[in-house]
Amino acid sequence: MNTIETGRPVIRFDHVGIDVPDIEHYTRWYCEAFGLSPEFEFAIADVGLRGIILVSPDEWRLELFERPGARPSGRIPNPIDQHLTLGIGHFCVDVSDIQEVFDRLISMGAKSLIEPQPAVSQVESESGGSLDPRLLMAYLTDPEGNLIELFQRPPAS
């Protein structure tokens, strides 16, 4: 849809940026983990910043950055306590087979925090609306400790 059809500008989520200590290593990891491909590489030489944008076949993107002297941020050990820290806490990808993706990421060095399970076991709706019990969720971290949520919706009917 464009502005003419809706009467408003199109706004669509594009990417999440992650700072990493080794851009080559994490480029390989994320490409293999999520089927991403390099789309665009860049550098800001005067500060030593390197970056790469990785794109999925479904056109969502992940941007990785590497800069000498970067330090790890405070890592929260679980997804619930992450919400005690302001700012972006995780990114989530919608997957068609949560167990298969979860197992593959674990085999690649990701750390399990919450194994795949119905999302309704973790989420309560205060609005009175009911959640579909077929919604599945899982949390893990990449090898660097960045929090990733996997989410599986039921097939569209």
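Solvent-accessible area per residue in the chain equals 65 Å², computed with a 1.4 angstrom probe and all protein chains kept. Remark: spin-label model distance ARG28-VAL16 equals 2.3 nm, labels positioned 7 Å along the Cα→Cβ axis.
What is the helix-to-structure angle for 23-34, meaning the angle in degrees between its Cα long axis and the longest Cα principal axis of the chain, kept from 0 to 90 and rounded to the nearest 10? In the chain, helix 23-34 runs at an angle near 20 degrees to the longest axis.
For the stretch 1-85, trypsin sites (Lys or Arg not before Pro) meeting the loop criterion (DSSP other than H, G, I, E, B) and having at most 12 other Cβ atoms within 10 Å: ARG12, ARG75.
Close amide H pairs (under 5 Å, H built 1.01 Å from N) link ASP19 with PHE65, residues at least 5 positions away or on another chain.
The chymotrypsin sites (Phe, Trp or Tyr not before Pro) of the stretch 8-50 that meet both conditions, a loop assignment by DSSP and at most 12 other Cβ atoms within 10 Å of the site Cβ, are PHE13.
Shown here for the stretch 1-85: GluC sites (Glu not before Pro) in loop regions (DSSP other than H, G, I, E, B) with at most 15 other Cβ atoms within 10 Å, namely GLU59.
Taking the protein heavy atoms of the stretch 11-65 in the context of the full set of protein chains, the accessible area attributed to carbon and sulfur is 55 percent at 1.4 Å.
With only the Cα atoms considered, the stretch 16-157 has a convex hull volume of 131 Å³ per residue.
The values are calculated or read from the model by the stated rules, or taken from the named source; none is laboratory data. Predicted model only: the values in this text are computed from it and were never measured. Cβ coordinates were reconstructed from backbone atoms using ideal geometry, including for glycine residues, and neighbour counts include every protein chain displayed. In case anyone asks, the SASA skips ligands and DNA or RNA and just uses the protein heavy atoms, side chains included. Shrake-Rupley method; radii C 1.70, N 1.55, O 1.52, S 1.80 Å.
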